[in-house]
Amino acid sequence: MVIKKIGRNDLCWCGSSKKYKNCHLERDKQEPLSKGKILKSFDKFKNMKYCSAPDIMHDKCSQSIIKAHSISKSSSLKEISNKGHVYSVFNSKRLSLNKKEFSPELIGLNKASIFNGFCSYHDKNIFSPIENSVFLTQAYHCFLIAYRSLCRELFVKKSAVSTFEMVKELDKGKKFGAQFFIQEMANKSINDNFLTLNDLFYLKQTLDNILINKQYNKVSHTVFEFEYPTNVMCSAVVAPTMDLHGNILQSLSNKIKDIPDYIFLNSFSSQEKGYWIVSWLPEHSTSASKLVQQLKNSTHISNTLTLLAFSLIENIYFSPVWWDSLSKLQKDTIGSLYFININESPINIEIIKKELVDSNLCIKITDVS
């Protein structure tokens with residue numbers, strides 16, 4: 001790597017738009033960032049609060065922003081809990097990237113899947129049909145499941161902005177080679193997060209209009225119903241680039257106007273049955289329809305969905321009884337999927353799934369629109 005000599009008053013090579021003398025000059029002699037400051041930056045997710053209801057509804061917002069669950073606590077997470085706890089990997093990937101350790105942590109139900117993204121009024125008013133009633137395989141209920149996952153996804157990406165800015169300071173006290181690597185990694189993360197935020201804002205505006213106008217059939221869904229509550233529950237919005245066979249599903253662009261095909265992936269339980277729902281906008285049907293058809297053709301659908309979720313999603317929670325019953329090979333398979341990530345490497349889930357981790361029987365598949 002060759003960096004030409006930079007004058008004190010020139011713009012810094014790192015892209016910060018600051019003068020070199022106010023940025024990376026003698027960076028190797030600066031005090032390294034403390035662990036406390038690093039952890040404080042991660043707490044941004046816990047401290048940020050706002051109501052995700054459409055702007056036109058904000059006149060009815062209550063004063064209280066609550067810890068909303070992206071996955072229902074009473075009807076879903078409780079079903080797979082053991083002594084009031086479920087396994088989570090939300091912090092595992094964040095804190096163990098260097099060691100590549102897949103270390104699920106037991107967390108209480110009150111902390112699982114929460115985000116400070118709704119006021120008490122709108123959380124109850126918008127989602128009561130799926131929180132206080134039996135889930136129905138209909139456009140309205142499926143839409144609400146997808147909408148909540150989008151609100152949570154947008155919340156996380158917003159909170160990540162300050163975290164990525166903090167990452168740019170992790171090169172303090174390090175030699176130039178390490179500085180260059182850290183800045184390159186941070187700038188890529190910031191750019192990727194910016195593009196994703198733009199995509200999610202577009203999806204949010206689209207789904208807000210659907211919610212306001214009650215045009216729920218403008219979102220397509222495929223509902224997989226299972227004999228028992230699924231051992232793994234998740235809620236996310238993702239843009240997969242590979243299909244289940246390791247082939248290219250779509251290519252992601254660095255152009256802000258090129259929005260990729262997104263899918264909403266949610267799993268939960270209702271009335272002692274398990275559900276996985278794949279949702280998408282019609283304009284994203286090219287990738288979504290292909291992926292859904294592969295899922296429908298899968299020999300063990302619950303197993304394939306479980307492996308797919310671990311390869312794509314961080315907002316995922318699973319049964320302690322189920323996890324503790326898995327062999328080391330099964331756990332290693334899941335862990336490798338979680339860190340490799342299907343968005344970055346070609347993974348043939350149809351081959352990997354021979355290591356059966358979930359055998360829940362799919363009893364019904366319903367297309368909803």
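Can you pull out the residues in region 26-42 that are in a loop (DSSP other than H, G, I, E, B), surrounded by 14 or more Cβ atoms within 10 Å (Cβ to Cβ) and at pLDDT 90 or above?
Gln30
Given the criteria without any contact (Cβ under 8 Å) to a residue 60 or more places away in the chain, farther than 20 Å from Ile126 by Cβ and open to solvent by less than 20 Å² (accessible area, probe 1.4 Å), does Leu295 qualify?
no
Which residues, taken from region 170-185, are out of contact with any Pro (no Cβ under 7 Å at 6 or more places or on another chain) and of a type outside the set (Phe, Trp, Tyr)?
Leu170, Asp171, Lys174, Lys175, Gly177, Ala178, Gln179, Ile182, Gln183, Glu184, Met185 - these are the residues of region 170-185 that are out of contact with any Pro (no Cβ under 7 Å at 6 or more places or on another chain) and of a type outside the set (Phe, Trp, Tyr).
Say we look at region 93-107 and pick out the residues that are over 17 Å from the mean Cα position of the chain (by Cα), surrounded by fewer than 14 Cβ atoms within 10 Å (Cβ to Cβ) and of a type outside the set (Lys, Arg); which of these is modelled with the highest pLDDT?
Here the residue is Glu105.
Looking only at region 259-292, filter to residues that are in a helix (DSSP H, G or I) and either in contact (Cβ under 8 Å) with a residue 60 or more places away in the chain or among the hydroxyl-bearing types (Ser, Thr, Tyr) (or both); which one of those is most open to solvent (accessible area, probe 1.4 Å)?
Top of the filtered list is Thr286.
Looking at region 9-22, I want the residues that are touching a residue at least 12 places away in the same chain (Cβ under 8 Å) and have a partner that is surrounded by 12 or more Cβ atoms within 10 Å (Cβ to Cβ) and in a strand (DSSP E or B) with Cβ atoms under 9 Å, at least 6 apart or on another chain. Which pairs are those?
Asn9/Lys19; Cys12/Lys19; Tyr20/Leu11
One line per residue, one yes/no per condition, for (1) buried (at least 18 other Cβ atoms within 10 Å of the Cβ); (2) within 16 Å of the chain's Cα centre (by Cα):
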{"residue": "Leu136", "(1), (2)": "no, no"}
{"residue": "Cys142", "(1), (2)": "yes, no"}
{"residue": "Ile145", "(1), (2)": "yes, yes"}
{"residue": "Glu153", "(1), (2)": "yes, yes"}
{"residue": "Ser159", "(1), (2)": "yes, yes"}
{"residue": "Gly173", "(1), (2)": "no, no"}
{"residue": "Gln179", "(1), (2)": "yes, no"}
{"residue": "Glu184", "(1), (2)": "no, no"}
{"residue": "Lys188", "(1), (2)": "no, no"}
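If I go through region 112-127 residue by residue, how many of them are assigned to a helix (DSSP H, G or I) and within 19 Å of Cys142 (Cα to Cα)?
Matching residues across region 112-127 total 6.
The values are calculated or read from the model by the stated rules, or taken from the named source; none is laboratory data. Bear in mind the structure is a predicted one, so any value in this text is a computation, not a measurement. Note that we place each Cβ from the backbone using ideal geometry, even for glycine, and neighbour counts take in every protein chain shown. Note: areas computed on protein heavy atoms with side chains; ligands, DNA, RNA excluded. Shrake-Rupley method; radii C 1.70, N 1.55, O 1.52, S 1.80 Å.
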